[in-house]
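Data first, discussion second: the structure below is written as structure tokens.
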Amino acid sequence: MKSIADINAIREKMQKVLGTRDAQDDADTRIVIGMATCGIAAGARPVFTAFLEEAAKRNLGNVKVTQSGCLGMCKFEPMAQVYIPGKEVVTYVKLDAEAAKRIVSEHIVNGNVVAEYTLDIE
Amino acid sequence: MRELSLHILDIVQNSIKAEADLIIIDIEADFTADRLSVTVTDDGMGMSKELLEKVTDPFTTTRKTRNVGMGLPLFKMAAEASGGEFDISSKEGMGTVVKASFGISSIDRVPLGELEETMGILLMGSPDRDFIMNYQIRTQSGLKEFNFDTREIKEELDDIPIDEYEIISSIKTYIKENIKETNGGLVL
Ligand SMILES: Nc1ncnc2c1ncn2[C@@H]1O[C@H](COP(=O)(O)OP(=O)(O)OP(=O)(O)O)[C@@H](O)[C@H]1O
Ligand SMILES: [Mg+2]
């Protein structure tokens with residue numbers, strides 16, 4: 001059986017990273033993705049992964065990608081809500097992996113809401 | 001759903017909602033019997049007899065009814081469409097077992113799909129719970145298996161949280177490689 005690649009190396013690296021992170025922990029940006037049956041069926045899993053990977057690729061250590069249950073509007077799934085401290089919540093609908101990457105770069109990094117995926121446009 | 005691994009993600013979300021501490025996912029492919037079975041066992045709060053009867057009947061399931069949703073009926077339909085069976089048992093205060101079997105060669109069976117993605121999302125969402133995945137392939141030439149247990153991984157990790165991106169990434173790669181090796185070229 002293959003073993004987890006260098007778990008010791010990862011552990012040591014993580015210990016250093018975690019040691020420096022504490023200070024910025026409070027003012028977190030959160031991305032919440034609906035992960036109930038309707039969301040999963042509509043494609044929420046690759047959307048979640050895309051948010052996670054794009055945030056990691058850009059080293060956005062203060063961005064947390066999390067899951068919630070059914071957001072109550074199944075036909076708009078996959079959906080995500082973006083919480084940036086001091087800003088209004090933005091709800092995105094009918095997402096795919098590409099859209100998730102754009103939201104990270106355009107909205108979270110550059111501060112421009114990606115209007116074509118916001119709820120009120122529907 | 002497009003993949004069985006998406007059903008698994010969805011069914012395990014039920015276990016998480018039921019506050020299970022340990023969730024066991026058994027995936028057994030028996031090519032000698034053309035049968036693939038998926039079993040999710042949890043130690044969550046379980047269900048009353050009344051609710052249990054309702055959730056197994058897809059025709060009484062509407063999104064408007066409280067407590068009854070789409071996840072279990074969809075899983076049942078996916079199993080039956082491929083010539084397989086579905087079974088659920090549950091005991092209040094004890095836990096729940098959901099089992100579905102599929103005809104491996106049926107054209108109406110959706111592929112197993114990316115189990116590592118499902119496990120990655122589950123671990124991100126519920127780092128404090130424990131998950132076991134037992135993956136088995138039986139063919140004429142014998143049995144091959146891969147067993148994944150978050151309790152063992154957490155021990156190795158010491159005080160590093162399992163839901164760190166780097167950790168999840170390497171766990172996903174680990175699962176993917178071992179499943180590939182266990183499959184030995186067979187496609188599920
Ligand atoms: N593992 C479990 N433990 C306890 N109760 C469960 C479990 N799985 C399902 N249930 C109960 O059965 C109900 C129906 O489950 P099902 O997955 O079909 O729909 P849902 O989870 O309510 O909604 P949806 O899956 O559509 O988002 C749940 O609401 C819950 O009350
Ligand atoms: Mg469900």
(message) Suppose the filter is within 11 Å of ligand 1 (Cβ to nearest atom) and either within 13 Å of another protein chain (Cβ to nearest Cβ) or over 13 Å from the mean Cα position of the chain (by Cα) (or both); does B:Met77 pass it?
(response) no
(request) Report, ordered by the first and then the second residue, all pairs with beta carbons closer than 9 Å, sequence separation of six or more or different chains, a first member in the range B:94-120 that is without any contact (Cβ under 8 Å) to a residue 40 or more places away in the chain, and a second member that is within 16 Å of ligand 2 (Cβ to nearest atom). (result) B:Asp108/B:Ala78
(request) Scan the range A:75-83 and give yes if some residue there is within 14 Å of another protein chain (Cβ to nearest Cβ), surrounded by fewer than 18 Cβ atoms within 10 Å (Cβ to Cβ) and not hydroxyl-bearing (Ser, Thr, Tyr), otherwise no. (result) yes
(message) Looking at (1) within 30 Å of B:Gly185 (Cα to Cα); (2) within 8 Å of ligand 1 (Cβ to nearest atom), which one does B:Val38 not meet, given that it meets all the others?
(response) (2)
(message) Anything in the range A:51-74 that is hydrophobic (A, V, I, L, M, F, W, C), touching a residue at least 12 places away in the same chain (Cβ under 8 Å), out of contact with any strand residue (DSSP E or B) (no Cβ under 8 Å at 6 or more places or on another chain) and within 11 Å of chain B (Cβ to nearest Cβ)? List them, or say none.
(response) A:Cys74
(request) Output yes when any residue across the range B:38-60 is within 13 Å of ligand 2 (Cβ to nearest atom), of a type in the set (Ser, Thr, Tyr) and in a helix (DSSP H, G or I), and no when none is. (result) no
(message) Go through the range B:1-13 and report how many residues are at the interface with chain A (Cβ under 9 Å from one of its Cβ atoms) and either within 11 Å of ligand 1 (Cβ to nearest atom) or aliphatic (A, V, I, L, M) (or both).
(response) 6
(request) Output the number of residues of the range B:127-147 satisfying the condition of being surrounded by fewer than 21 Cβ atoms within 10 Å (Cβ to Cβ) and either within 11 Å of chain A (Cβ to nearest Cβ) or in a loop (DSSP other than H, G, I, E, B) (or both). (result) 8
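Determine, yes or no, whether B:Ala33 is part of a loop (DSSP other than H, G, I, E, B), more than 17 Å from B:Ile88 (Cβ to Cβ), at pLDDT 95 or above and away from chain A (no Cβ under 14 Å).
Details: part of a loop (DSSP other than H, G, I, E, B): yes; more than 17 Å from B:Ile88 (Cβ to Cβ): yes; at pLDDT 95 or above: yes; away from chain A (no Cβ under 14 Å): yes.
When the stated conditions are applied, B:Ala33 passes them.
The values are calculated or read from the model by the stated rules, or taken from the named source; none is laboratory data. None of the values given here were measured: they were computed from a predicted structure. All Cβ positions, glycine included, derive from the backbone under ideal geometry; neighbour counts span all protein chains shown.
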